[in-house]
Amino acid sequence: MRIIGLTGGIASGKTSAAHLFEKLGAAVIDADQLAREVVQPGEEALAQIVAAFGAKVLNPDGTLNRAALGEIVFADASARRTLEGITHPAIRKRAEEKLQRLRDAGTGTAFYVAPLLFEAGIVSRVHEVWVVYLDQETQLARLMARDGLSREAALSRIASQMPMEEKRKLGQIVIDNRGSREELEAQVLRLWREEIADRQRE
Ligand SMILES: CC(C)(COP(=O)(O)OP(=O)(O)OC[C@H]1O[C@@H](n2cnc3c(N)ncnc32)[C@H](O)[C@@H]1O)[C@@H](O)C(=O)NCCC(=O)NCCS
Ligand SMILES: Nc1ncnc2c1ncn2[C@@H]1O[C@H](COP(=O)(O)OP(=O)(O)OP(=O)(O)O)[C@@H](O)[C@H]1O
């Protein structure tokens with residue numbers, strides 16, 4: 001099975017691009033979604049997070065208060081590393097299980113969508129890397145609009161990741177998402193045809 005790592009900066013459009021590939025019939029696993037699964041009530045990782053950060057990161061119903069934890073870890077690199085030390089092994093394990101299921105089902109190509117593909121070393125698990133790219137001003141505007149963040153909070157999230165320009169250089173394929181949604185969709189369709197559908201027929 002060919003595994004394509006799909007990455008990019010925060011709010012660059014990875015999820016949007018992945019949904020478009022999924023609509024065309026691609027198999028997709030998404031690290032952000034796995035990160036949510038591993039902190040559900042009853043999961044080991046949630047207990048470890050509470051032990052490390054205190055009950056203030058829980059909602060009254062016992063679920064993770066993501067906004068509260070986000071405020072802590074995006075302002076403090078050492079707190080972020082503590083959280084990653086808890087969540088990343090659990091995310092990796094779940095990703096391997098999902099990839100194995102796709103392999104067993106005879107899947108030809110799978111996308112592994114991961115914001116921290118380079119930062120978390122996931123790059124060694126994929127066969128090639130596609131990067132969704134945009135300039136920082138557009139990134140900032142989309143991030144603030146989507147998550148209702150102040151400019152300062154949005155900038156600190158961007159600063160917690162490898163700079164977009166570096167990611168761009170490391171991708172075998174770059175999807176330029178500075179333009180409209182229609183332009184994104186056109187690139188996805190072209191890549192689907194040229195890089196996936198045609199190659200699977202070879
Ligand atoms: C801090 C948390 C609770 C904030 O939750 P929230 O719902 O606000 O954001 P969400 O999970 O949807 O992530 C949004 C984006 O933030 C960025 N981001 C998330 N975690 C990190 C991190 N550790 N370092 C840098 N950027 C990150 C990514 O670009 C991600 O796509 C959450 O992001 C989390 O648990 N992060 C640790 C797990 C992780 O590293 N996830 C990334 C996938 S490997
Ligand atoms: N071409 C576009 N034009 C306008 N808005 C867009 C475009 N592409 C994506 N968006 C919007 O930008 C925001 C970020 O996109 P998306 O959630 O797909 O990014 P992401 O890379 O998955 O983000 P994260 O790393 O935070 O998970 C969303 O609100 C999305 O609807």
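The values are calculated or read from the model by the stated rules, or taken from the named source; none is laboratory data. Here the structure is a predicted model, which means the values were calculated and not measured. Glycine gets a Cβ as well: all are built from the backbone with ideal geometry, and neighbour counts include every protein chain shown. Note: accessible area is taken over every heavy atom of the protein model, side chains too, but ligands, DNA and RNA are not part of it. Shrake-Rupley method; radii C 1.70, N 1.55, O 1.52, S 1.80 Å.
With Cα atoms defining each centre, the stretch 145-177 and the stretch 53-122 are spaced 18 Å apart in the structure.
With +1 on each Lys and Arg Cβ and -1 on each Asp and Glu Cβ, how big is the dipole of the chain about its Cα centre, in debye rounded to the nearest 20? Numbers along the way, then the final one.
Values: 28 positive and 29 negative charges, 38 e Å.
Rounded to the nearest 20 debye, it is 180 debye.
If you run the Gaussian network model on the chain, springs between alpha carbon atoms under 10 Å, then out of Asp147, Asp32, Asp176 the most flexible one is Asp147.
DSSP finds beta bridges in the chain, and of those with both partners inside it, around 5 percent are antiparallel.
D by Stokes-Einstein for the stretch 46-113, Kirkwood Rh over Cα pairs, 4 °C, 1.567 mPa s: 93 µm²/s.
Along the axis of the charge dipole computed for the stretch 136-202 (Cβ charges of +1 for Lys and Arg, -1 for Asp and Glu, origin at the Cα centre), the listed residues Leu143, Ser180, Leu170 are led at the positive end by Leu143.
GNM remark for the chain: springs join alpha carbons under 10 Å apart, and the peak mean-square fluctuation among Ala159, Ala145, Ala11 falls on Ala145.
Spin-label pair Met144-Glu43: with each label point 7 Å from Cα along the Cα-Cβ axis, the two points sit 3.2 nm from one another. Dividing the Cα radius of gyration of the stretch 92-168 by 2.2 N^0.38 Å, with N the residue count, gives 1.36. Helix 14-23 and the longest principal axis of the C-alpha atoms of the chain enclose an angle of approximately 50°. Toward the positive end of the charge dipole of the stretch 51-106, with +1 on the Cβ of Lys and Arg and -1 on the Cβ of Asp and Glu, the farthest Cα among Ala75, Ala55, Ala95 is that of Ala95.
For the stretch 120-202, the C-alpha radius of gyration divided by 2.2 N^0.38 Å, with N the number of residues, is 1.29. In a simple Cβ point-charge model (Lys, Arg +1; Asp, Glu -1; nothing else charged), the stretch 46-102 has a dipole of about 220 debye relative to its Cα centre. Here the Gaussian network model covers the chain, with springs between Cα atoms less than 10 Å apart; of Arg168, Arg157, Arg146, Arg146 fluctuates the most.
Per-residue Karplus couplings for the stretch 146-159, computed as 6.51 cos²θ - 1.76 cosθ + 1.60 with θ equal to phi - 60°, are listed in order as 5, 9, x, 9, 5, 4, 5, 5, 5, 5, 5, 5, 4, 5 Hz, Gly and Pro entered as x. When the surface is traced with a 1.4 Å probe over the full set of protein chains, Glu43 keeps roughly 70 Å² accessible. Can you compute the helix-only [θ] at 222 nm over the chain? Use -39500 (n - 2.57) per DSSP H run of at least 4 residues, normalise by all residues, nearest 500 deg cm²/dmol. After summing the helix terms and dividing by the residues of the chain, the value is -15500 deg cm²/dmol. The residues of the stretch 134-202 present an accessible area of 65 Å² per residue when probed at 1.4 Å with all protein chains retained. Just to confirm the number: angle between the C-alpha axis of helix 181-191 and the first principal axis of the chain, 0 to 90 degrees, nearest 10? Between helix and principal axis, roughly 60 degrees. Both radii were evaluated on the Cα set of the stretch 1-139; the Rg over Rh quotient, with Rh as the Kirkwood radius, amounts to 0.99.
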